[in-house]
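Working notes, structure below.
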Amino acid sequence: MLTEEQIGIAKKKLLEEKSKIEAQLGKFAQKDSVVEGNYKTPFPDFGNETDDNAQEVTEYEQNISREHDLESELLLIGRALEKIDNGTYGQCENCDQEIPWERLEIRPQAKLCIDCKEKSE
Ligand SMILES: [Zn+2]
């Protein structure tokens, strides 16, 4: 079982990570006003020269893939925080085993134990 103190540490890290990711997303994406936790990447506008347009497309594609990575990270963090609230934090979502603290300390949003994680890869 995780101690109250460990859960407190995990929660603090999750909240810090959450605001970091939100800040990163905020630099290039806009919060979706309809879907909670969703972000939209606007198409950048550098100008109308052919070179500008090619650069816009490249930047847009990079932003979209960054947006997706950051968003899925945010989802994981949100779920971990919910689990802290309902007292199920630290259990593997696949086999219900406890996730070792050594793993959660490094990656508090982890939802699988190491065995299940390795099997899923
Ligand atoms: Zn597991």
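Values quoted throughout were computed directly from the atomic coordinates according to the rules given, and no laboratory measurement underlies them. These numbers were taken from a predicted model, which means no experiment stands behind them. Heads up, the Cβs are rebuilt from the backbone with ideal geometry, glycines too, and the neighbour counts pull from every protein chain shown.
Couple of notes before you dig in:
- Cβ-Cβ FRET estimate between E5 and E82, R0 fixed at 25 Å, reported to 0.05: 0.80
- With only the Cα atoms considered, the chain has a convex hull volume of 122 Å³ per residue.
- Cross-link table K27/K119; K20/K119; K20/K111; K13/K111; K40/K117, entries beyond 24 Å C-alpha to C-alpha: K27/K119; K20/K119; K40/K117
- Crossing angle, helix 4-28 versus the chain [Cα axis fit, 0-90 degrees, rounded to tens]: 10 degrees
- Mean separation of Cα contacts under 8 Å, 6 or more apart, over the residue count of the range 4-120: relative contact order %: 24 percent
- For N94 and F46, the FRET efficiency from 1/(1 + (r/R0)^6), where r spans their Cβ atoms and R0 equals 35 Å, is about 0.20.
- In the chain, helices alone account for a calculated mean residue ellipticity at 222 nm of -21000 deg cm²/dmol, with every DSSP H run of four or more residues adding -39,500 (n - 2.57).
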